[in-house]
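Structure record follows, encoded as structure tokens.
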Amino acid sequence: MDQTVAKRRAGEAAARWVTSGMHIGLGTGSTTAFAIQALGARVRAEGLAIAGVPTSSAAAVLARAEGIPLCDLNDLRGGLDLALDGADEVDPQFNLIKGRGAAHTREKIVAQQARRFVVLIDPTKQVDQLGTRMPVPVEVLPMAAAAVMRAIEQLGGRPAIRMGVRKDGPVVTDQGLWVIDARFEGLHDPASLNHELLMLPGVLDHGLFIGMATDVVVGGPEGVEVLQHR
């Protein structure tokens with residue numbers, strides 16, 4: 001089926017889970033963009049009273065354009081009711097690789113503060129083992145890039161600095177840092193790699209989301225399938 005149709009179905013279905021009074025984490029990427037647009041339509045048509053915490057400047061721009069009020073995570077004593085976001089890979093245990101949009105650090109902060117972290121995907125994002133298709137993005141201080149790349153090689157990965165498109169030089173995150181994409185050709189122990197990467201000096205965070213997702217909404221040819229973590 002058309003991948004765009006699948007993404008739209010997942011995003012629009014998740015947007016229907018939102019009720020007035022909620023504080024919502026607004027993820028980054030093409031699938032979550034459909035959810036943000038659907039939420040904006042509900043704000044305009046229904047007077048849905050919500051406030052969103054964007055995970056990137058791109059998500060903030062889209063939410064404002066859709067008329068969704070934004071708030072600061074630091075001002076929310078009770079955290080978030082719901083976080084909506086996409087993923088690049090999802091395994092059967094609901095572990096994720098995220099970060100193709102280089103927003104994974106903020107996405108992880110927002111997801112951790114949400115009572116429910118709902119992941120929106122099309123079927124191509126489902127894998128039996130993380131790392132079989134996508135690299136693990138690692139956000140790093142530029143001065144530490146070479147040292148971190150050497151450490152990733154010792155962990156069995158093949159690192160490469162992510163370079164900009166229509167821009168000279170590396171991709172720069174909203175934090176002003178670089179992204180190293182580390183390919184591992186399948187992760188047999190993602191929890192261990194999660195710890196090893198976080199321990200490297202100069203690493204801010206990475207795109208492995210271990211044990212965080214509560215729900216996965218999969219857009220498909222017959223509508224959507226909702227998977228819940230057991």
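The condition of being on the phi < 0 side of the Ramachandran plot and either touching a helix residue (DSSP H, G or I) at 6+ places or on another chain (Cβ under 8 Å) or basic (Lys, Arg) (or both) holds for only one of Pro190, Pro201, that being Pro201.
Within the range 118-148, which residues are more than 22 Å from Asp88 (Cα to Cα), among the aliphatic types (A, V, I, L, M) and open to solvent by 10 Å² or more (accessible area, probe 1.4 Å)? Answer for the range 118-148, where residues must be more than 22 Å from Asp88 (Cα to Cα), among the aliphatic types (A, V, I, L, M) and open to solvent by 10 Å² or more (accessible area, probe 1.4 Å): Leu141, Met143, Ala144, Ala146, Ala147.
Could you check, for the range 74-91, whether at least one of its residues is touching a His at 6+ places or on another chain (Cβ under 9 Å), among the hydrophobic types (A, V, I, L, M, F, W, C) and at pLDDT 95 or above? Yes, some residue in the range 74-91 is touching a His at 6+ places or on another chain (Cβ under 9 Å), among the hydrophobic types (A, V, I, L, M, F, W, C) and at pLDDT 95 or above.
Restricting to the range 106-117, give me the number of residues that are open to solvent by 70 Å² or more (accessible area, probe 1.4 Å) and either under 15 Å from the mean Cα position of the chain (by Cα) or free of Cβ contacts under 8 Å to residues at least 12 places away in the same chain (or both). Residues that pass the stated criteria total 5.
The values are calculated or read from the model by the stated rules, or taken from the named source; none is laboratory data. Bear in mind that the values here come from a model prediction, so they are computed numbers and not experimental data. Neighbour counts are summed over all protein chains in view; Cβ atoms, including those assigned to glycine, are modelled from backbone coordinates with ideal geometry. The area values use the complete protein model at the heavy-atom level, side chains included, leaving out ligands, DNA and RNA. Shrake-Rupley method; radii C 1.70, N 1.55, O 1.52, S 1.80 Å.
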